[in-house]
Amino acid sequence: MDKDTTVIIGGGLQGLATAYCLLHKGEKVLLLERNEDVAREASFANAGMITPSHSTPWNSFSDIVQIFSGIGRKDSPMLLNLRYLPSMFFWGLRFLRNSSKSRFLRNSQHSYQLAKYSKQITKETRLKNGLSYDDAQNGTMKIFRDKSKLDQSIEITKKYSDSSIDMKILDQKGVVEVEPALADISDHLAGGILYPEDEIGDAYKFCKELENLIRTQGGRIHVNTEIKKILVYKNSINGLLTDRVEIRAKAIVLAAGSWSREILKQLKLNLPVRPVKGYSLTHQSGGLKNCPEIAILDESTHTAITPLGKRIRVTGVAEFTGLDDDIHIDRVDYLNNMLLSVYPKLYSQLTLAEGKAWCGFRPMSYDGLPYIGETKIKGLYVNVGQGHLGWTKAMGSASLLSDIMLGNKTAINPKPYLANRSL
């Protein structure tokens, strides 16, 4: 391998987007993925929503209450496994510290700026390359069953976006006009917010489109490749050792999601990112009646329901439970019940046993912001920690990192996301 090649570790959204952006800016790239295919982890079956409008971190006061009230419960949208508590004690303290009003607002503002930029880069990439991934540009809608929650959401959104988000406040009638399939539960709704600039799309299909672009434009991708060790000499990266071969590189980008922390431990670098487990359930909807046409987020349960082509995907749950990849039937039942509570007529037509359940691990930082940039080791970069906004922030994070690496002027201020704030 040429010494002028940049090696990217991780073949999910962040890794593929980084490889694409570097390749697009004239760099030679090699992407390494441990699985048999790209995008088999957190990028495989996520909510499918590109939502700068939902840029708040998951440590608001109400989220904290839900996390602690969910201890020991399988019917809670947020769950903390007590067995995992010791390993996340210090991370958890910083997570709680960043839930203060001032820090939460500041972090939400930075999160929104990156998400907004990323949506722009995603759109440019789609249009330039003619990409297709069950995408739709008709927005998303939050629904509320409590008027105070609706008012609170409007207030915080205006604050962190400086009122720049295009949003339409809806009453019960307005919600049904946007999505007629919600008519059966309209009496239970306090209203909603339509975000017409949001988008949806299948993240896995988008990753496969990026994979094809990278390969056809001269980039290299090796799957089934395990990283054994990153080689460092005099505090500069020298290459890496895989289960197959030793590779030389001029730079290495670690974009391995929730597994990045373990790789960095070998270098005595502590990446403050923890896995937060999420579930999705995908039902086939072709030929069914009363199918929704817009992605819905139910604020009361942190549940998203997204139409993706001839499929309906229900996504939700945040479990602080380490890297336990078991799919618990109670969680699948929970998602089905959430679908029933929003779309009862659609639910009645489904064969529940045919739904495809999945779980993945969102790499979550304690302040809700990703780590993007160079570590204390020269030539070793990270692009990780996008949390529940991995799909939303992928292209923007990659574009920002590629400009940092190449010494280009960045489109947004990189300081809030720089890796050296913790590494």
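The values are calculated or read from the model by the stated rules, or taken from the named source; none is laboratory data. Being a predicted model, the structure only gives us computed values, none of them experimental. Cβ coordinates were reconstructed from backbone atoms using ideal geometry, including for glycine residues, and neighbour counts include every protein chain displayed.
One residue stands out in the stretch 328-362 among those that are at pLDDT below 95 and touching a Cys at 6+ places or on another chain (Cβ under 9 Å): the one that is farthest from HIS302 (Cα to Cα), namely HIS328.
ARG215 meets all of the listed conditions (1) outside any helix (DSSP H, G or I); (2) closer than 25 Å to GLN14 by Cα but one, namely (1). All of (1) at pLDDT 95 or above; (2) over 17 Å from PRO363 (Cα atoms) hold for ARG73 with one exception: (1). For the stretch 159-180, what are the residues that are surrounded by fewer than 18 Cβ atoms within 10 Å (Cβ to Cβ) and charged (D, E, K, R)? LYS159, ASP162, ASP166, LYS168, ASP171, LYS173, GLU177, listed by residue number. Filtered by the rule that a residue be within 23 Å of LEU85 (Cα to Cα) and either at pLDDT below 90 or surrounded by fewer than 15 Cβ atoms within 10 Å (Cβ to Cβ) (or both), the stretch 302-318 gives HIS302, VAL317, ALA318. The residue that is nearest to ALA42 (Cα to Cα), among those in the stretch 299-320 that are out of contact with any Lys or Arg (no Cβ under 8 Å at 6 or more places or on another chain), in a strand (DSSP E or B) and charged (D, E, K, R), is ARG313. For beta carbons closer than 7 Å, sequence separation of 6+ or different chains, a first residue in the stretch 250-279 that is at positive phi and a second that is part of a strand (DSSP E or B), the qualifying pairs are GLY257/PHE361; GLY257/PRO363; GLY257/VAL384. The listed residues are THR225, THR242, and the only one of them that is under 25 Å from the mean Cα position of the chain (by Cα), crowded, with 17+ Cβ neighbours inside 10 Å and touching a residue at least 24 places away in the same chain (Cβ under 8 Å) turns out to be THR225.
Sort out which residues of the stretch 397-419 are of a type in the set (A, V, I, L, M), under 17 Å from LEU22 (Cα atoms) and surrounded by 24 or more Cβ atoms within 10 Å (Cβ to Cβ), and write them in order of number.
Taking the stretch 397-419 and keeping what is of a type in the set (A, V, I, L, M), we get 398, 400-401, 404-406, 411-412, 418-419.
Those still in the list that are under 17 Å from LEU22 (Cα atoms) too: 398, 400-401, 404-406, 411.
Correct list: ALA398, LEU400, LEU401.
As for the stretch 280-298, it holds at least one residue that is in a strand (DSSP E or B) and modelled with pLDDT under 95.
Scanning the stretch 358-375 for residues that are touching a Lys or Arg at 6+ places or on another chain (Cβ under 9 Å) and of a type in the set (Phe, Trp, Tyr), we see that the one that is surrounded by the fewest Cβ atoms within 10 Å (Cβ to Cβ) is PHE361.
Quick check: anything in the stretch 29-48 touching a strand residue (DSSP E or B) at 6+ places or on another chain (Cβ under 6 Å), of a type in the set (Val, Ile, Thr) and under 30 Å from ILE247 (Cβ atoms)? Looking through the stretch 29-48, at least one residue is touching a strand residue (DSSP E or B) at 6+ places or on another chain (Cβ under 6 Å), of a type in the set (Val, Ile, Thr) and under 30 Å from ILE247 (Cβ atoms). Determine if the stretch 293-315 includes at least one residue that is under 30 Å from ASN420 (Cα atoms) and of a type in the set (A, V, I, L, M). No, there is no match, as no residue in the stretch 293-315 is under 30 Å from ASN420 (Cα atoms) and of a type in the set (A, V, I, L, M).
Quick test for you: out of LYS376, LYS393, pick the one residue that is among the charged types (D, E, K, R), in a helix (DSSP H, G or I), in contact (Cβ under 8 Å) with a residue 60 or more places away in the chain and at negative phi. Give the steps one after another, and end with the answer.
Values: LYS376 fails: in a helix (DSSP H, G or I).
On inspection, the qualifying residue turns out to be LYS393.
Scanning the stretch 379-390 for residues being assigned to a loop (DSSP other than H, G, I, E, B) and surrounded by 24 or more Cβ atoms within 10 Å (Cβ to Cβ) gives a total of 1.
Applying the condition of being touching a residue at least 12 places away in the same chain (Cβ under 8 Å) and assigned to a helix (DSSP H, G or I) to the stretch 181-194 and asking which residue is surrounded by the most Cβ atoms within 10 Å (Cβ to Cβ) yields LEU182. Within the stretch 245-264, restricting attention to residues that are part of a strand (DSSP E or B) and among the hydrophobic types (A, V, I, L, M, F, W, C), the residue that is farthest from the chain's Cα centre (by Cα) is ILE247. Only one residue in GLY360, GLY309 is farther than 30 Å from ARG97 by Cα and touching a residue at least 60 places away in the same chain (Cβ under 8 Å). Which one? Every option except GLY309 fails the conditions.
Within the option set VAL382, VAL332, VAL342, being among the aliphatic types (A, V, I, L, M) and under 30 Å from ILE412 (Cβ atoms) holds for one residue only, VAL382.
Taking the listed residues ASN46, ASN98, ASN59, the one that is more than 18 Å from the chain's Cα centre (by Cα) and polar (S, T, N, Q) is ASN98, with no other qualifying.
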